[in-house]
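First the structure, in the form of structure tokens, and then the observations on it.
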Amino acid sequence: LVHFKLNNENLKFKRLSKYKLQYHLLIKLDSASVLYKKGKYLEAKKAVLASLKQLENNKSRLTISHYEGLKHIGITRLFYIEKRLGNILQGLKYLNSFSKGMSPVYKKKQIIFLAVAYSELGNYTKSIELLNVHLKDIRFDAKNSLYSSFLKNGEIAAAYNTKGDTFVKWYKDVGDRKLLDSAQYSYENAYEIMKSLSNFSLFSKALLISRQANLKLLKKQYAASLLLYNKCEKDSVIMNKSLSREIIWLGKAEIYTFIKKPDSAFYYINKLYNEKSSSKCTYENKLKIYHLLSINYENIKDDKNAYKFAKLSLVEIEKKNIQNTSGTSFLGKYEQQEIKSISEETIKDNKKYTFLLIICTI
């Protein structure tokens, strides 16, 4: 039923009496996820916010586990939508406002959001530290209170892939080649976990190849990188997903830019970006597109357009710097609030324990 509704993208379908309320809300949230995966970020955001409002209005009709579980799905989607739009500060604000009063187990789940935020804001050491904590929490969760046994491997793989992405960002900032080796190791760990699961193995393999292609590109091994990207482009499993498709076409555009084949570079950029229409690219990819357009126009001696896109790049970078400053400040305050909250909870638990000990002693 869920897959039928998602395939038809029927966001407005009316709940029939035979559906339980929690499944109705789950389908609504998953339908928003379909929009997200298609790159329709603003539409997805609107759908998630509407679903969360409906969830809040029906809180009394749901069990606490259903209510918090559905809310966490909504928070997760909102955070990553804002990340794709380049608004990590807004993502953190949604995390802060919607997660108030939720059970402590969700604070542990949300560590990965904070790790992603630190990575986006350039604090890579802190990001890796939090991801290692998150991995440890999942591995030592013998009772599966964080994630069900069905989801556990996927969450471990997601944490490893996020580590890989963080090492890549770190490399781009400092240029240490060892960080690319760490990224490769993290990506391979993620695939080793996922390849045993038949439902995910094909996509996970294609995803690993696309990430290996990017690592080759960063090492300036353009021929080897292009071979891997070509292999991905022929794979319908990965090309059916908009985010993966963006990565592959952008990688090829970057290679053709650096080997000075502007016609081929423009071909792949045009697949991703059209000035006259609303682009579906993520913020990060759009910024890279501006940069590549500037270089390619310069290569064909079109100084007017080269200047235009260089200027657009600088404007976007300045916006991003302002966002990062605000995000870092907010994240620091948020973390202080979390430390205070956890400390107060610990003191409260300790007082209960002390009181019980006194009673027992008496």
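Would you please name the trypsin sites (Lys or Arg not before Pro) within the range 85-148 that are DSSP coil residues with at most 14 other C-beta atoms within 10 Å of their C-beta?
Sparse-neighbourhood loop trypsin sites (Lys or Arg not before Pro): Lys100, Lys143.
5 Å is the cut-off here: which amide hydrogens, built 1.01 Å from N in the peptide plane, fall below it relative to Leu85, excluding neighbours closer than 5 in sequence?
Tyr283
Using 0.36 nm per residue of separation minus the Cα-Cα distance, give me the extension gain between Lys220 and Asn57 in nm, one decimal.
Computed gain between Lys220 and Asn57 is 53.3 nm.
For the range 155-189 and the range 48-113, write down the distance between their C-alpha centroids in whole Å.
Spelled out, the Cα-based centre of one part sits 27 Å from the other.
Grab the beta carbon distance between Ala142 and Ile64, set R0 = 22 Å, and tell me the FRET efficiency rounded to 0.05.
With R0 = 22 Å, the Cβ-Cβ based efficiency is 0.45.
Could you calculate the FRET efficiency of Ser97 with Leu21 from 1/(1 + (r/R0)^6), where r is the beta carbon distance between them and R0 is 25 Å, rounded to 0.05?
0.60
Pairs Lys100/Lys311; Lys93/Lys126; Lys40/Lys169; Lys252/Lys308; Lys37/Lys172; Lys28/Lys311: which are spaced more than 31 Å apart, C-alpha to C-alpha?
With Cα atoms farther than 31 Å apart: Lys100/Lys311; Lys28/Lys311.
What is the percent carbon and sulfur in the accessible area of the range 160-268, measuring with a 1.4 Å probe over the protein chains and ignoring ligands?
Roughly 52 percent, rounded to a whole number.
The values are calculated or read from the model by the stated rules, or taken from the named source; none is laboratory data. This is a predicted model, so every value here is computed, not measured. Heads up, the Cβs are rebuilt from the backbone with ideal geometry, glycines too, and the neighbour counts pull from every protein chain shown. Areas reflect the complete protein model, heavy atoms only, side chains present, ligands, DNA and RNA absent. Shrake-Rupley method; radii C 1.70, N 1.55, O 1.52, S 1.80 Å.
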